[in-house]
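A.B. asks: Below you'll find the structure I mean.
Every number in this text was worked out from the coordinates using simple rules, so none of it is lab data. Every value quoted in this text rests on a predicted model; they were computed, and no experiment measured them. Virtual Cβ from ideal backbone geometry, glycine too; neighbours counted across all protein chains shown.
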Amino acid sequence: MSVSGEQPNYDLVLKGGRVIDERNGVDGHLDVAIKGGKIAAVGASIDPNGGKVSDVSGAIVAPGLIDIHTHVYHKATSLSVDPGFIARRSACTTLIDAGSAGAGNYDGFRDYVMAHSPYKILAFLNISFPGIFGFDKDVSIGEATARAMLPVHRCVDKIEENRDRIIGVKVRIGGIVTGDLGLGALELALEAANEVDLPLMTHIGHPPPSYSDVVDMLRPGDILTHCYRPEPNSAIGPDGKVLDAVWKARERGVLFDIAHGMGAFGYDTAEAALRDGFKPDLISSDVHVIAVEGPGYDLLHTMSKLLNCGLSVAEVIGMSTNRPALAIRRPDLGHLGVGAPADIAVLREYKSDYVFTDVVGTQRQGSTLLQPEAVYLDGKSMEVSRRPFEESFLVGGHHAH
């Protein structure tokens, strides 16, 4: 309550941070005001008029992070992790599940996970009827090896019933996942995506089929996930340059997503791609039961790797907020414009000598690690947790994961 007895203009003002909002072209030291769960103002020296104030000097104030590739159908699919655990660790306000569920088990995901989480959980629906059903450290069974497992009409019907939560179709292509069916699984997934007019997210794995064969089939707005995967089947040709098919796909409007995970981020690939001018469109974790304790860990850790590869703070923030929101056609998310949901991540850059490791064991030293300081979801302060990076990542520490 202000001295005059009037209600405060704002519920909370975050003061003094570096505000990065790619959508609205903002990158500077500004204040952010929240009222009624919405962004009420962004500007210099906002008067809280009796509202609460949080001093975030020295921190980054960004839209709540959006992890566009997670697996959070917790306790119902063997690969999935607790969405709350990963959101707290990675400053995410929106988690997008990448095909853990198919038409046959999506209702359980919606009723028993999404409905009970305070976080915004959305999903790409797997073209495979059972979703990803046989994946953990000891078991790996393909879910798209036979056409009988990929009934297009069932995928389409389930999406039509759940357009508020399902934002696209997912398919995993390559190796044991598709077996002899190969590109046939991609054709069926594209058929479903065309019928519902939504994006397709395509996992690229071991050949066959080749990276080029997969990206050649993708449409504008579709997402190739695991874009910096190591050999075999990387985006880099024998000449050390990005494949022509990849450049042509980008020109068509195909989006390229990191999705680190346990097998899909190689420094050799990433560095060659960046030398050739090929940056990712999206940064995501592909967090699952194996990757959650390394080397992928979470979205902030993956962002830190890209930051230390030469991308700017503003770029890695944009690739984890604005761009995934637009990729899933949710322009209400991923920005700090007035009237937007007050989904906010307050991040801190820690400086030291860190060791980062890719999925094949290649290590690089870096100087910056992003960690969560505070998170607001629809204006409500949420719990955050920080991994003890002093032990795991400092050069000379007990571990160098």
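A.B. asks: Most exposed first by the Cβ proxy, i.e. fewest other Cβ within 10 Å, how do Met217, Met303 rank?
C.D. replies: In increasing order of surrounding Cβ atoms, one gets Met217, Met303.
A.B. asks: Here is a follow-up. Just one of (i) 24; (ii) 12; (iii) 39 is percent of Cα pairs over 41 Å apart calculated from these coordinates, so which is it?
C.D. replies: Correct label is (ii).
A.B. asks: With Cβ to Cβ distances under 9 Å as the rule, what net charge do the other residues near Ile86 carry (K, R +1; D, E -1)?
C.D. replies: It works out to a net charge of -1.
A.B. asks: Explain nothing, just compute: Karplus ³J(HN,Hα) = 6.51 cos²θ - 1.76 cosθ + 1.60, θ = phi - 60°, for every residue of the range 71-76 in order, whole Hz, x for Gly and Pro.
C.D. replies: 9, 10, 7, 5, 6, 10
A.B. asks: May I ask you to list the trypsin sites (Lys or Arg not before Pro) in the range 53-133 that are in a DSSP loop and have at most 12 other Cβ atoms within 10 Å of their Cβ?
C.D. replies: Sparse-neighbourhood loop trypsin sites (Lys or Arg not before Pro): Lys75.
A.B. asks: Hey, fewest Cβ within 10 Å first, where do Ser100, Ser381, Ser54 land in order?
C.D. replies: Ser381, Ser54, Ser100
A.B. asks: For Ser54, enumerate residues with amide H under 5 Å from its amide H, sequence gap 5+ or separate chain, H modeled in the peptide plane.
C.D. replies: Val13, Leu14, Lys15
A.B. asks: Can you sort Arg154, Arg229 so the residue with the fewest Cβ neighbours within 10 Å comes first?
C.D. replies: Arg154, Arg229
A.B. asks: What does the helix-only formula give at 222 nm for the chain: each DSSP H stretch with n ≥ 4 adding -39500 (n - 2.57), the total divided by the residues, and the result rounded to the nearest 500 deg cm²/dmol?
C.D. replies: Computed mean residue ellipticity for the chain: -6000 deg cm²/dmol.
A.B. asks: Excluding Thr225 itself, what net charge comes from residues whose Cβ is under 13 Å from its Cβ, given Lys and Arg +1 and Asp and Glu -1?
C.D. replies: Residues close to Thr225 contribute a combined charge of -3.
A.B. asks: Tell me the angle of helix 299-308 to the major Cα principal axis of the chain, expressed in degrees between 0 and 90 and rounded to the nearest ten.
C.D. replies: 90 degrees
A.B. asks: Additional query: Run down the lysines and flag those whose C-alpha is under 19 Å from the C-alpha of Lys279, throwing out any fewer than 8 positions away in its chain.
C.D. replies: Straight-distance partners of Lys279: Lys241, Lys248, Lys305.
A.B. asks: To continue, here is another question. Mind scanning Lys120/Lys158; Lys137/Lys351; Lys170/Lys351 and naming the pairs with a C-alpha gap bigger than 26 Å?
C.D. replies: Lys137/Lys351; Lys170/Lys351
A.B. asks: Name the residue, out of Ile290, Ile328, Ile46, whose mean-square fluctuation peaks in a Gaussian network model built on the chain with Cα pairs under 10 Å.
C.D. replies: In this elastic network of the chain, the residue with the biggest mean-square fluctuation among Ile290, Ile328, Ile46 is Ile46.
A.B. asks: Spelling out what I want: for every residue of the range 327-334, take phi, set θ = phi - 60°, compute 6.51 cos²θ - 1.76 cosθ + 1.60 (Karplus), and round to whole Hz; glycine and proline get x.
C.D. replies: 4, 9, 6, 10, x, 6, 9, x
A.B. asks: Using θ = phi - 60° and the Karplus relation 6.51 cos²θ - 1.76 cosθ + 1.60, list the HN-Hα couplings for the range 178-194 in order, rounded to whole Hz, with x at every Gly or Pro.
C.D. replies: Result, ordered by residue: 10, x, 5, 5, x, 5, x, 5, 5, 4, 5, 5, 5, 4, 5, 4, 5 Hz.
A.B. asks: Amide H to amide H under 5 Å from Ser78: which residues, 5+ apart in sequence or cross-chain, H placed 1.01 Å off N in plane?
C.D. replies: Counting only residues 5 or more places away or on other chains, the set is Phe135.
A.B. asks: Cut-off under 12 Å on the C-alpha distance; same-chain residues fewer than 8 positions from Lys38 excluded. Which aspartates and glutamates are left, in chain and number order?
C.D. replies: Within the straight-line cut-off, Lys38 pairs with Asp11, Asp332, Asp343, Asp378.
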